[in-house]
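**Student:** Okay, here's the structure, questions in a sec.
The values are calculated or read from the model by the stated rules, or taken from the named source; none is laboratory data. Predicted model only: the values in this text are computed from it and were never measured. A quick note on method: Cβ atoms are made from the backbone with ideal geometry, for glycine too, and the neighbour counts reach across all protein chains shown.
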Amino acid sequence: MPVLQTRLKRILPLYLLVIAGSLVALFQLFPDTAYETNLKSGEKALVFMSNRWKTEAEDYFSMLSTAIDIFTHTWSLSIEVQFYFIIPIIYLLIEKVFQQKIYSFVFLAIVSYTYSTLFCTENEAFISLFARVWQFMIGRKLLLQREEILGMIVGLINGNSTQSSGKSNSDNFFESIVKYTSLVLMIVIILCPIELPSWILRWYLKLTDKPLLALCFVLFTVNICFLEFDKFRDYLTAPAIGSRLDGLNENQTISFEEVAKMHREWEMHDFRNLNAPSCDYGENTGPLGGCRHKGLDGKNGKLKLVIIGNSCEPLVSFRYNTELCIPTLKTFVDIVEKEKPDYLFLLSRMIDTGDSLSSNATELEDDPVFQAMRLNMNRLVKHVKRKMFMLNALPMIWEKAVPEILKKVKNQENLVEFDNSLISIDPSLARSRYSELVSECPKCSLIDYKPLFYNNSTGTWRFYDVENSGLTYFTPQNHLSFHGLERVRKVYTGICDNFGE
């Protein structure tokens, strides 16, 4: 297939060079919040899989506006190269099975088009190879009929076009003009960008196969080194195993420089740090799905625990990612009904629970958000044997303000003013809703982080450790950092100590 070989010869070196350049830009220019998701996208782009469906975790980080995917536009080349891999198989099958190649290509195009329109959503049809095969088949059909098409164009130019039955010469001529003018325009539009001169193209297109293959191998290796750099570094500089997730000793203080490094690591790898080492995610692609913890004694264990939340609030969904979270409310109920746990934990950030009262509601009883929370609470608690714990609301913090923490503490600026500027959504109304729910539910109990993160002397929420150079308790995505997880560990230790009472 000389056409495919020539096309790949044009694509591969420049494609690999663009990926390498994009990764360098990612390391040097892009915000740290875009780092982890773009590494994943780069891995897919390198093997021409950018058109695969996004995982829940990638969609989740896109919703947080942190996933600036610099490899988005490699999806079209991914589809093209995937087609190059399957076209020899298609061609051989057609050679063996069908006598009329043209009709077989038309048949495949019809099947592909039918699949894309009847069985795919708009997004699926956009990225699916099989939903786009019909476009390649049209091009293949034109290639096979190129002699006939060229003959008709020459005949048209010479004034020798044949007359269709039942039509006058003038009608046939007009239709031919429209048809073949459109064809020529399409060919010009497609070919003009390819024909633009480029010294880079002229240089490497003159290479023979072996030097070109060596060039591609070098570029591919460079990309692998860029993509796997973190894994190499982590392997070589892995810290000693300790009792704390943040790597600190009890009451240890560190310098501002060390805090800056830890903040950057937590921000860059927030996506990776969502994965729990003890979790078996099964068929799920990661931490945004279900998990069964490994290493537990399933036969002799006396208590069954279930934890739900996972960025979809377990009691209400009104505005935040409703396409995913509204069905997830039912999924939560189904899981709890199936497992019938002794203890159920509802752990989630405040999102919809912090919405303001509707215009026609003057008290919680008339509040649609509270009514939905009460309804879903009752659906869950009836399947719980002992107790249901609900995490009380915390403020939502501004993503862009978190990186400012270190500078504010280091420069000894007005921290009370800064504390207030960190808050994007006040939790007061959400906390009132939770308090009212618990008062109606004998099996329910609140988990409250306020004593850990509220500074009574200043009257502000404080989400960083002033005594430890401003080490943050939260990442910009409102996830607990490793230091924050250590801060709340004692809350859950106390709960676990009282199990069975």
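**Student:** Could we say that residue 440 is in contact (Cβ under 8 Å) with a residue 24 or more places away in the chain, of a type in the set (Asp, Glu) and closer than 28 Å to residue 30 by Cα here?
**Tutor:** no
**Student:** Residue 400 is checked against (1) surrounded by 15 or more Cβ atoms within 10 Å (Cβ to Cβ); (2) in a helix (DSSP H, G or I) and fails just one. What number does that condition carry?
**Tutor:** It fails just one condition, (1).
Residues are listed down the side, and each one gets a yes or a no for (1) surrounded by 15 or more Cβ atoms within 10 Å (Cβ to Cβ); (2) assigned to a strand (DSSP E or B); (3) more than 32 Å from the chain's Cα centre (by Cα):
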position	(1), (2), (3)
416	no, no, yes
431	yes, no, no
437	yes, no, yes
485	yes, no, no
493	no, no, yes
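**Student:** Between 272, 244, which is closer than 23 Å to residue 41 by Cα and either at pLDDT 85 or above or of a type outside the set (Asp, Glu) (or both)?
**Tutor:** None of the other options fit; the residue is 272.
**Student:** Something else: Out of the residues in segment 253-287 meeting the condition of being in contact with a Lys or Arg (Cβ under 8 Å, 6 or more places away or on another chain), without any contact (Cβ under 8 Å) to a residue 24 or more places away in the chain and not in a loop (DSSP other than H, G, I, E, B), tell me which one is surrounded by the most Cβ atoms within 10 Å (Cβ to Cβ).
**Tutor:** 279
**Student:** If you check 370, 389, which single one turns out to be under 30 Å from residue 458 (Cβ atoms), in contact (Cβ under 8 Å) with a residue 60 or more places away in the chain and either outside any helix (DSSP H, G or I) or in contact with a helix residue (DSSP H, G or I) (Cβ under 9 Å, 6 or more places away or on another chain) (or both)? Outline the logic, then answer.
**Tutor:** Details: 370 fails: under 30 Å from residue 458 (Cβ atoms).
Every option except 389 fails the conditions.
**Student:** While we're here: For residue 23, all conditions in the list (1) aliphatic (A, V, I, L, M); (2) under 24 Å from residue 120 (Cβ atoms); (3) modelled with pLDDT of 85 or more hold save one; what is the number of the exception?
**Tutor:** Evaluating residue 23 over (1) aliphatic (A, V, I, L, M); (2) under 24 Å from residue 120 (Cβ atoms); (3) modelled with pLDDT of 85 or more leaves (2) as the failure.
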